[in-house]
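Please see the structure below; I have some questions.
No value in this document is a laboratory result; all are computed from the given coordinates. As the structure is a prediction and not an experimental result, all values here were calculated from the model. Every residue, glycine among them, receives a Cβ derived from its backbone with ideal geometry; neighbour counts consider all protein chains shown.
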Amino acid sequence: MSKLILGIESSCDETAAAVIENGRTVLSNVISSQIDIHKKYGGVVPEIASRNHILNISQVIDGALKESGKTFDDLDAIAVTYGPGLIGALLVGVSAAKAISAARNIPLVAVNHIHGHIAANYIAHPDLEPPFVCLVASGGHSHIVYVKDYMDFEILGRTRDDAAGEAFDKIARVLGLGYPGGPKIEKLAKEGKSGAVKFPQVEFDDNCFDFSFSGVKTAVINHLHKLEQRGESYNAADIAASFQYAVVNVLTEHTICAAKAKGADKVVLAGGVSANGALRQSFEQAAEKNALKLYYPTPILCTDNAAMIACAGYYKAQKGEFADSTLNAAANLKL
């Protein structure tokens, strides 16, 4: 029997809603982005993001239902991101989902945003099933997760400071590229040499799979400051390429090592940084070398969207894991 899930996502600066059938078939996926609004500030301003979610949430949900050809009466559940993310932004989505759930008597499912990113791959690859090792890399997260089953996760590694996407944004700002930084760094790096400058790649003594990106970020900034103090010019494309290489290389090495340690034969990429072409190429080469199957989402499913939230919500609903009216946003929610 067909199951229809409405997904709602508002954890940062995208207001999104989607309708998914049986966990993997996308009937609609509507995203209202605030990138143009936040560009002038060089990053997301939480208060502005929250206000725009309030303005957009109703029309985005209506648009998703209209595009899918469904109504509230057709839905089996409503899945909503309740964390992690910006608290004000999360509250808009959670409040909308709770209101619809109560008014229409539709079961409510609370979804972890990181779980949603992982689940995006189930939509992109209908044949994909756990277990596998997944790298979740975005502006707010850098995790290596062992996905034992659809609802069973083990964190193998995480960033100890900055997330990979956050580092991309900061270096893009230093180079005067603007926001969002990831795509701009990638574009500029194509014109540069990745070996022009050797930036640090942190490895921890305890032989774990954790990341640290504050060091490479600081190294780039210090390198530029020294050149400027000496009055020397530099090639921004070389800086971008060298920085990107340092981040991509450590993401790849740690994830592949984690997969081998777990005896996994599948490696999965997720999150906004997984749209980076250099990262995908690095993983493709490493996966081939180590006889691993590699999966990653289409670009629209890499960034924040509600289809992935509906997909994750479907698997929670299948387990009977529903929320009630006491559901609240959790800005620092762990997977």
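For the stretch 271-335, I need the span (max minus min coordinate) of the C-alpha atoms along each principal axis, in Å, sorted largest to smallest.
49, 23, 21
Taking a spot 7 Å from the Cα of GLU228 along the direction of its beta carbon, which residues of the stretch 152-182 have an amide N less than 18 Å from it?
Only 168-179 fall inside the zone, counting backbone N under 18 Å.
Next question. First obtain the Kirkwood hydrodynamic radius of the chain from its Cα pairs, then insert it into the Stokes-Einstein equation at 37 °C and 0.692 mPa s, and state the resulting D in µm² per second as a whole number.
For the chosen part, D equals 161 µm²/s.
Sticking with this structure for a sec: At 222 nm, what value in deg cm²/dmol follows for the chain if DSSP H runs of at least 4 each add -39500 (n - 2.57) and the sum is divided by all its residues, to the nearest 500?
Computed ellipticity for the chain at 222 nm equals -14000 deg cm²/dmol.
Evaluate the charge dipole of the chain about its Cα centre and quote only its size in Debye, nearest 20, assuming +1 on the Cβ of each Lys and Arg and -1 on the Cβ of each Asp and Glu.
Rounded to the nearest 20 debye, it is 400 debye.
Identify, among PHE132, ILE171, VAL111, the residue whose Cα sits farthest towards the positive end of the charge dipole of the stretch 101-207, taking +1 on the Cβ of Lys and Arg and -1 on the Cβ of Asp and Glu, with the dipole about the Cα centre.
ILE171
Report, by chain and number, residues whose modeled amide H sits under 5 Å from the one on LYS293, excluding near sequence neighbours (fewer than 5 apart, same chain).
LYS266, VAL267
Can you work out the PRE-style zone for LYS3? Point 7 Å along Cα to Cβ, and I want the residues of the stretch 319-333 with backbone N under 12 Å.
Counting backbone N atoms under 12 Å from the label point, the list is 319-322.
Compute, for the stretch 79-199, the length of the dipole vector about the Cα centre, with Cβ point charges of +1 (Lys, Arg) and -1 (Asp, Glu) only. Units Debye, rounded to 20.
460 debye
Let me ask something else. Could you sort the peptides 221-232, 245-256, 274-285 by per-residue average Cβ neighbour count (10 Å cutoff), highest mean leading?
Highest mean packing first, the order is 245-256, 274-285, 221-232.
If you take every DSSP beta bridge whose two residues both sit in the stretch 130-295, what share of them, in percent to the nearest 5, is antiparallel?
Expressed as a percentage, antiparallel bridges in the stretch 130-295 total about 60.
Find the Rg to Rh ratio for the stretch 1-64, where Rh is the Kirkwood radius over alpha-carbon pairs and Rg uses the same atoms.
When Rh is taken as the Kirkwood radius, the ratio is 1.08.
When the chain is fully extended, how far beyond the present Cα-Cα distance does LYS40 get from ARG24, taking 0.36 nm per residue of separation?
Length gained between LYS40 and ARG24: 2.1 nm.
Further, regarding this structure: Just the projected area, averaged over all directions, of the convex hull on the alpha carbon atoms of the stretch 130-295: how many nm²?
9.5 nm²
Cut-off 16 Å, label point 7 angstrom out along Cα-to-Cβ of PHE322: give me the residues of the stretch 81-103 whose amide nitrogen falls inside.
Hits in the stretch 81-103 for PHE322 at 16 Å: 97-103.
Looking at the chain, send over the antiparallel percent of its DSSP beta bridges, to the nearest 5.
60 percent
Then there's this: If you average the C-alpha positions of the stretch 256-335 and of the stretch 122-178 separately, how far apart do those two centres end up, in angstrom?
First find each Cα centre; the distance between them is then 7 Å.
Next question, about the same structure. Suppose the Debye formula is applied to equal point scatterers at every Cα of the stretch 218-316; what is log10 I(q)/I(0) at q = 0.11, 0.14 Å⁻¹?
With no solvent term, the Cα-only Debye profile gives -0.48, -0.70.
Put a dot 7 Å past each Cα toward the Cβ at ASN290 and ILE87; how far apart are the dots in nm?
Distance between the two pseudo-spin positions: 3.9 nm.
To the nearest 20 debye, what is the magnitude of the charge dipole of the stretch 130-295 about its Cα centre, counting +1 on the Cβ of each Lys and Arg and -1 on the Cβ of each Asp and Glu?
Around 360 debye, computed over the stretch 130-295.
Taking the stretch 152-195, which GluC sites (Glu not before Pro) meet the DSSP loop condition and have no more than 15 other C-beta atoms within 10 Å?
GLU191
Could you sort 9-16, 127-134, 34-41 so that the peptide with the highest average Cβ count within 10 Å comes first and the rest follow in order?
Output ranking for 9-16, 127-134, 34-41: 9-16, 127-134, 34-41.
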